[in-house]
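Presented below is the structure to which this report refers.
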Amino acid sequence: MASASAKKIRPKYLNLPAILFEIRLPVPGWVSILHRISGALLIFPFLAWLLYLLDASLVSEQGFEKIRTEYLRLPLAKLGLLVFVWAYCHHFLAGIRYLLLDLNVGIELHRARATSWVVIIGALDLTAI
């Protein structure tokens, strides 16, 4: 009983700095968190932004040229498109990984870590392409 009281006191509430800098998550944990973040990014800001771009480009030929030549040359728009492509690639690859995990494929620890690295590196490679 004495050893139970000598245990390290665990924090009751976790905050973002604790998750990012104090707790060391395994690679599958990061893939899970990034899967949720990429899904949220695909729905909330990027869906509205892409619908705006589609609407502006379909209004007229001048609108399409303005989007193509002026708007998409802005550094912030390029960065937004790059993040959108990464979010789509990561969400797609992680979704395939989770479907395979549901089928009990790759649930061993070493395979789970390997497929996590495949998702992270594959999403970055597809984004670079």
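Could you list, in sequence order, the residues of the stretch 26-52 that are of a type outside the set (Gly, Ala, Ser) and within 25 Å of Ala114 (Cα to Cα)? If you could, list the steps in order and put the result at the bottom.
First pass over the stretch 26-52, keeping only residues of a type outside the set (Gly, Ala, Ser): 26-28, 30-31, 33-37, 41-47, 49-52.
Passing the criteria: Pro26, Val27, Pro28, Trp30, Val31, Ile33, Leu34, His35, Arg36, Ile37.
Of the residues that sit in the stretch 25-64 and are without any contact (Cβ under 8 Å) to a residue 60 or more places away in the chain and among the β-branched types (Val, Ile, Thr), which one is farthest from His91 (Cα to Cα)?
Restricting to residues being without any contact (Cβ under 8 Å) to a residue 60 or more places away in the chain and among the β-branched types (Val, Ile, Thr), the top hit is Val59.
If you check Tyr13 against the conditions, is it over 27 Å from Val118 (Cβ atoms), open to solvent by 90 Å² or more (accessible area, probe 1.4 Å) and in a loop (DSSP other than H, G, I, E, B)?
Values: over 27 Å from Val118 (Cβ atoms): yes; open to solvent by 90 Å² or more (accessible area, probe 1.4 Å): yes; in a loop (DSSP other than H, G, I, E, B): yes.
Judged against the criteria, Tyr13 is a match.
Answer yes or no: is there a residue in the stretch 81-103 that is more than 25 Å from Trp117 (Cβ to Cβ) and open to solvent by less than 70 Å² (accessible area, probe 1.4 Å).
For the stretch 81-103, residues more than 25 Å from Trp117 (Cβ to Cβ) and open to solvent by less than 70 Å² (accessible area, probe 1.4 Å): present.
Within the stretch 8-19, count every residue that is at pLDDT 75 or above and of a type in the set (Lys, Arg).
Summing the residues that are at pLDDT 75 or above and of a type in the set (Lys, Arg) in the stretch 8-19 gives 1.
The values are calculated or read from the model by the stated rules, or taken from the named source; none is laboratory data. What you are looking at is a predicted structure, and each value in this text was computed from that prediction instead of being measured. A quick note on method: Cβ atoms are made from the backbone with ideal geometry, for glycine too, and the neighbour counts reach across all protein chains shown. Note: areas computed on protein heavy atoms with side chains; ligands, DNA, RNA excluded. Shrake-Rupley method; radii C 1.70, N 1.55, O 1.52, S 1.80 Å.
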